[in-house]
Amino acid sequence: MHINCLWTTWPTLSRIYSYSMSIPGAPTAKEKKYDRQLRLWGAAGQEALENAHILLVNATAAGTETLKNLVLPGIGRFTIIDDAVVKDEDLGTNFFLDDNSIGLSRAQKTCELLCELNPDVQGDHIKDNITNFIHTNPEKLKTFTTVIITGDVPISTLLSLDNLLYTLDIPLFVLKCVGFTMTCRLALSEHAIVETHPDSTVDLRLLKPFPELVALYEEKAAIMDDKEKMSEHDHGHIPYVVILLKALDDWRSTHGGNIPSNYREKNEFKSFLRGKMWNADEENFEEAIAAVLPYFNPPSIASTTKEIFEDKKCTQLTATSSNFWIIARAIKNFAYDDNEGILPLPGALPDMKAESKDYIRLQNVYKAKARADLASVMEIVRVLLSGLGRDPNSISESDVETFCKHAGFARLTRVRSLNEEYEHNPKVKTVSNELSDPTSLMHYYLGIRAYEMFISEESNSKHTPPGIDDSTAENDAEQLDQYVTVILDKLNIAHSPELLEGTSKAVREIVRVGGGELHNISSLAGGLVAQEIIKVITKQYIPMNNTVIFDGISSRSQVYEL
Amino acid sequence: MATATVLGAESPDRWRYLNNILNRKGPYTDEAFTPGDEPKAFLADAKILVIGAGGLGCEILKNLALSGFKDIHVIDMDTIDISNLNRQFLFREADVGKSKAEVAAAFVMKRVRGVTITPFNCAIQDKDDEYYKQFKIVVCGLDSVEARRWMNATLINLVDDETLIPLIDGGTEGFKGQARVILPTISSCYECSLDMHTPRAAVPLCTLASIPRQPAHCIEWASVIQWPKEKGDLKLDTDDPEHITWLFTKALERAKEFNIPGVTYSMTQGVVKNIIPAIASTNAIVAASCCNEALKIATTAAPYLDNYMMYTGNESIYTYTFTHEKKENCPVCGNLPQNLEVNPEWTLEGLMERLQERPETTLRKPSLRTSSKSLYLQAPKQLEEQTRPNLEKKLKELMETGDELSISDPGMPFNLRFIITMSE
Ligand SMILES: [Zn+2]
């Protein structure tokens, strides 16, 4: 009522209101601001980001750049822990400090300038060092969604932090930027992803059509090759799915009931299709021919999905099982108990040359089948929940639907802990296989490990990095060479000076910069790490497993599982 | 410790780490590298130009300022939009509507002491050769193929005995991106790799007009067919929410008529504005890689990229670094005209239509000449009228095998050259 009065009085206002209020689906202010990213991870992904609380240990350039790339897309909250005061050299690498920051707390100043980027984000700081913090406040770590640690932190602290976080299921990113070199290690005990964002989820079921699909194509099949009964126009608008199903039927009848299975037969089948064209420019037949290779596969379950089905958490549900495992189990039961080992139909249909009504009808057939499969899975979910003594309606249909659509593409990743890599179970082969290649980025990995040992040395109580003075740089480099041999000896990897030529160069490049960051490399690292954090938090897309190394000299990266 | 005379003006420690790599040779440094004052002086004196102050541009300006460059120019004709704020970190809500170049330059100058950034709120085409000649390096952070082609061709045209300006180009789309170094006439240029970009397949008009199947078909119908039909001469402004709302409503009606589900406001915007997803992290990666190359080229402190790095982040992290080969017959950096087979029965207009369909030619208003005569000229008006009758003529009346056909277009800063072969 009131608004109506306003409308007649101020027409300009009514124009604004009618735009933002009466048009269903018009974007909110938040949707406008985040439009370009919502197109990548959607509202659910955004919500996950907004509920996250990130801890950054040490406000280095790489650390603040990482936070910048998380504050901008609207992470809920971040905390910086750092006991350093801002020095002049920080200003030469860190954009989130200025002349007025010198001599003040680095945690506080970077926090202030980062908060300016986005009023939706809450930032806090703690003036402490992490070694002390995990002794005095270990329980506080539970409040964080993800932890990033950068800067010159002794190995013992890294390993304690990894121990604490790994058992809490909190992802830990260990980020190192020294000169032109960057490494980042992710440790995360378990990560299950439903929305991996494959290029396509289309499954046309051409080789195993379900009854509704068979019924639809049989209608057309009878007249398809008959020029008396079908006009040229109609023939040029038969959806290629129907063309393929009919052609397959014809093929089977002359090939002992078999389908074209190998490459040669598929090519013959394409010629067979071409022979069915009435004239050379029937696009729908061209589309059918192009669809033979991608869509002529019998339904099967990807090994990555089988891994999920065979996992103990899937086979042995408990009252505290997460929704992921319950839905996974329901889908497994659906496929193996009721559906000949076939996953629920995702239901997507690509565009194809067709009359509107024929296409929509075909689309509805796929959608109806997907909905029916979803209903069956939903029913199993309810039964499972009841059996576990939980509310049978506690898992939403939309979560089950998302899983059904992505069942063939879901992933379960277990990322090894840092303690496994450094102490109990190192990946010896991965390291030794790379050493003989002088261009391998594994040399930088060893260089950074040696760098860590240098700053962790008991006699180096201030964690002074190698190479701070021109005069002692080569001595420091030789010390790092020594540490490299210690690491390799511990791994039982045989080495020789020739084999370590690449490592020796990497060491000298690392020492060259004197323990500092170069802004470009730290900025690049901030981009890479923020992206991995977004993937982990949103549980969308596939994160790296588990170490990425970037070399700014050759502009190359490599991911190793270590 | 050796302290830079030029870089250390603010404080001897501020550029300590950058100075370390300029004062010390590394294991991969080129023989010709002289550590010390020479690379520092170059950094301090070199003028560097940044094209674009958007997602990549903001990052590039920050990175160059923190790489020790002191004299930076930036060109961008855009103003700040609310949807930029999720990644263009030099802008705030209060800046919406202001010039990107000006706001970005002012911000970085305020934050990083000692750097001068000169902004230009104009199109790159507004600047002449003399202007571009003053720069040692150009870094491009653009989202438009056309602007990149123009910049690429301009820098290649500038090459002479004294001038060779490296072009460092970055591009992103969602979780993907690339950074590359172009040494004009020496390494592969932007035009050489144009076929790597596959243009989005256009939907046939008849699908839009009579057999829509997808929500996007309904949206395109609204913008391509219904807008001109109902709105006459009023130009569609895809930034005007009222226009988008109109298209959305029309598309929705059409979708309802054909039972097509899925038309949303957001999709309407995406289709008509051809929106490419964009996030801070990908921009950071690509921009940093570009600026790392700029620093290496300017100082020779380490070898630079030869010449292309592709990056994908949606599944793990993947980069592919390789040398993109120069194209022999590149219309911009090559010197040979390409061969073009034509049917003598085609009309000149038919030839123009076919040329417009080729991916490497983004022609809008082409003018065509052979070495002996003007076939069709778009301007001036008088010549257009004079040459217009040629459009109807068959090619066999206008040219013969071996003729060189030259095509100019306002969208391209260079001429396309073809050697004609007539074939049935
Ligand atoms: Zn070229």
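Taking the DSSP beta bridges in the protein assembly as shown as the whole, what percent of them are antiparallel, to the nearest 5?
Counting DSSP beta bridges with both partners in the protein assembly as shown, the antiparallel share is about 55 percent.
Can you report the principal axis dimensions of segment A:65-138 using only the alpha carbons, biggest first, rounded to whole angstrom?
That gives 33, 30, 16 Å along the principal axes, largest extent first.
Can you tell me the alpha carbon radius of gyration of segment B:75-159 divided by the globular rule-of-thumb value 2.2 N^0.38 Å?
1.19
For chain B, what does the helix formula give at 222 nm: sum of -39500 (n - 2.57) over DSSP H segments with n ≥ 4, over the residue count, nearest 500 deg cm²/dmol?
-9500 deg cm²/dmol
Please compute the alpha carbon radius of gyration of segment B:344-392, then divide it by the globular-protein estimate 2.2 N^0.38 Å. Two decimals is fine.
Dividing the Cα Rg of segment B:344-392 by 2.2 N^0.38 Å gives 1.14.
When a/c is below 1.5 the answer is rounded, else prolate if a/b is larger than b/c, else oblate, so apply that to chain B with a ≥ b ≥ c taken from the square roots of the Cα gyration tensor eigenvalues.
Verdict is oblate for chain B.
Based on Cα positions only, what radius of gyration and what Dmax would you give for the protein assembly as shown, in angstroms?
For the protein assembly as shown, the Cα radius of gyration and maximum Cα-Cα distance read 31.1, 95 Å.
Assuming 0.36 nm per residue, please report the length gained on full extension of the stretch B:Ala32 to B:Asp239 beyond their Cα-Cα distance.
Full extension of this stretch gives 69.3 nm more.
Given DSSP loops and a limit of at most 15 other Cβ atoms within 10 Å, what is the longest stretch of chain A that contains no such GluC sites (Glu not before Pro)?
A:341-456
So what's the gap between the Cα centers of segment B:31-94 and segment A:376-412, to the nearest angstrom?
50
Please give the solvent-accessible surface of A:His495 in Å², to the nearest 10, using a probe radius of 1.4 Å with every protein chain present.
Around 70 Å² of this residue is reachable by solvent.
Per 5 Å bin from zero, what fraction in whole % of the C-alpha pairs of segment B:61-124 is there, up to the bin with the longest pair?
Distribution as computed: 4, 20, 28, 24, 18, 7, 0 percent.
With charges set only on the Cβ (+1 for Lys and Arg, -1 for Asp and Glu), what does the dipole of segment A:303-409 come to about its Cα centre, in debye to the nearest 20?
Taking the Cα centre of segment A:303-409 as origin, the dipole is about 80 debye.
Hey, any idea what Rg/Rh is for segment B:250-309, computing Rh the Kirkwood way over Cα pairs?
1.41
Expressed as a fraction of 2.2 N^0.38 Å, the rule-of-thumb size for a compact globular protein of N residues, what is the C-alpha radius of gyration of segment B:338-422?
Scaled against compact globular proteins, the figure is 0.99.
Have a look at B:Pro204, B:Ala104, B:Tyr376 and report the one farthest towards the positive end of the charge dipole of chain B, computed about the Cα centre with Cβ charges (Lys/Arg +1, Asp/Glu -1).
Of the listed residues, the answer is B:Ala104.
With a 1.4 Å probe, what is the total accessible area buried between chains A and B, in Å² rounded to the nearest 100?
7500
Just to check I understand the Karplus step: with θ = phi - 60° and J = 6.51 cos²θ - 1.76 cosθ + 1.60, what whole-Hz values come out for segment B:36-47, glycine and proline as x?
x, 6, 4, x, 5, 5, 4, 4, 6, 9, 5, 7
Which of the aspartates and glutamates could a cross-linker bridge to B:Lys373, judged by Cα under 14 Å and excluding same-chain residues fewer than eight apart?
List returned: B:Glu384, B:Glu397, B:Glu400, B:Asp403, B:Glu404.
For segment A:418-512, with equal point scatterers placed on the C-alpha atoms only and solvent neglected, what are the log10 I(q)/I(0) values from the Debye formula at q = 0.17, 0.21, 0.23 1/Å, to two decimals?
Debye intensities relative to I(0), on a log10 scale: -0.72, -1.05, -1.21.
Taking each residue in A:542-554, count the Cβ atoms of any other chain within 10 Å of its Cβ, then average. What number comes out?
4
Over the alpha carbons of segment A:211-295, what is the largest minus smallest coordinate on each principal axis, giving the biggest first in Å?
34, 30, 21
So what J values fall out for segment A:305-313 if you push phi through Karplus, 6.51 cos²θ - 1.76 cosθ + 1.60 with θ = phi - 60°, rounded to Hz, Gly and Pro as x?
Values per residue, Gly and Pro as x: 6, 4, 4, 5, 4, 8, 5, 4, 5 Hz.
Per 20 Å bin, what is the whole-percent P(r) computed from every C-alpha pair distance within chain A?
Result returned by the calculation: 17, 38, 32, 12, 1.
Given a Förster distance of 22 Å, report the FRET efficiency between A:Ser156 and A:Leu491 from their Cβ-Cβ distance, rounded to the nearest 0.05.
For A:Ser156 and A:Leu491, the calculated efficiency is 0.65.
Any idea what % of Cα-Cα pairs in segment A:490-533 are farther than 14 Å?
Percent of Cα pairs beyond 14 Å in segment A:490-533: 68.
Under unit Cβ charges (Lys, Arg +1; Asp, Glu -1), what dipole magnitude, rounded to 20 debye, does chain B have relative to its Cα centre?
Rounded to the nearest 20 debye, it is 980 debye.
What's the magnitude of the charge dipole for the protein assembly as shown around its Cα centre, counting Lys and Arg as +1 and Asp and Glu as -1 at the beta-carbon? Answer in Debye, nearest 20.
The dipole magnitude comes to about 1560 debye.
Largest first and to the nearest Å, give the Cα extent of segment A:459-542 along each principal axis.
45, 33, 26
Rg to Rh ratio, segment A:303-409, alpha-carbon atoms and Kirkwood radius?
Rg/Rh: 1.05.
Can you tell me which lysines have their Cα less than 27 Å from the Cα of A:Lys109? Leave out same-chain residues fewer than eight positions away.
Cross-link targets: A:Lys33, A:Lys68, A:Lys87, A:Lys127, A:Lys140, A:Lys142, A:Lys176, A:Lys462, B:Lys62, B:Lys70, B:Lys100, B:Lys110.
Working only with C-alpha atoms, what are the Rg and Dmax values of segment A:505-557, expressed in angstrom?
Answer for segment A:505-557, Rg first and Dmax second: 13.5, 39 Å.
Would you kindly find the accessible area of A:Ser394, with a 1.4 Å probe and non-protein molecules such as ligands, DNA and RNA excluded, rounding to the nearest 10 Å²?
60
Grab the eigenvalues of the alpha-carbon gyration tensor for segment A:134-262, scale each by 5, take roots, and send me the semi-axes largest first in whole angstrom.
63, 16, 14
Taking all protein chains together and a probe of 1.4 Å, list A:His424, A:His197 from the most accessible to the least accessible.
Sorted descending by solvent-accessible area, the residues read A:His424, A:His197.
Dividing the convex hull volume of the alpha carbon atoms of segment B:205-273 by its residue count, what do you get in Å³ per residue?
74
Kindly work out what percent of the DSSP beta bridges joining two residues of chain B are antiparallel, to the nearest 5.
55
Just in segment A:420-469: which trypsin sites (Lys or Arg not before Pro) are loop by DSSP and have at most 12 other Cβ atoms within 10 Å?
Sparse-neighbourhood loop trypsin sites (Lys or Arg not before Pro): A:Lys462.
Mean residue ellipticity at 222 nm from the helices of chain A, using -39,500 (n - 2.57) per DSSP H segment of n ≥ 4 over the full residue count, to the nearest 500 deg cm²/dmol?
-15000 deg cm²/dmol
Taking the Cβ-Cβ separation of B:Thr163 and B:Asn415 as r and a Förster radius of 22 Å, what is the calculated FRET efficiency to the nearest 0.05?
Once the sixth-power term is evaluated, E becomes 0.60.
Once the Cβ-Cβ distance between B:Gln382 and B:Lys127 is put in as r, and R0 is 30 Å, what FRET efficiency do you end up with, to the nearest 0.05?
It comes to 0.50.
Per residue of segment A:479-493, in order, report the coupling 6.51 cos²θ - 1.76 cosθ + 1.60 (Karplus, θ = phi - 60°) as ³J(HN,Hα) in whole Hz, putting x for Gly and Pro.
Computed from phi, the couplings for segment A:479-493 are 4, 5, 3, 4, 4, 4, 5, 4, 4, 5, 4, 5, 7, 6, 9 Hz.
Please list the non-local residues whose amide H lies under 5 Å from the amide H of A:Asp124, H modeled 1.01 Å from N, same-chain partners needing a gap of 5 or more.
Answer set, sorted by chain and number: A:Phe78, A:Thr79, A:Ile80.
How many Å² of accessible area per residue for segment A:87-206, probe 1.4 Å?
Roughly 35 Å² per residue, with all protein chains present.
The values are calculated or read from the model by the stated rules, or taken from the named source; none is laboratory data. Since the structure is predicted, the reported quantities are computational estimates derived from the model, not experimental observations. All Cβ positions, even for glycine, are placed from backbone atoms using ideal geometry, and neighbour counts span all protein chains on display. What goes into the accessible areas is simple: the full protein's heavy atoms, side chains included, and nothing from ligands, DNA or RNA. Shrake-Rupley method; radii C 1.70, N 1.55, O 1.52, S 1.80 Å.
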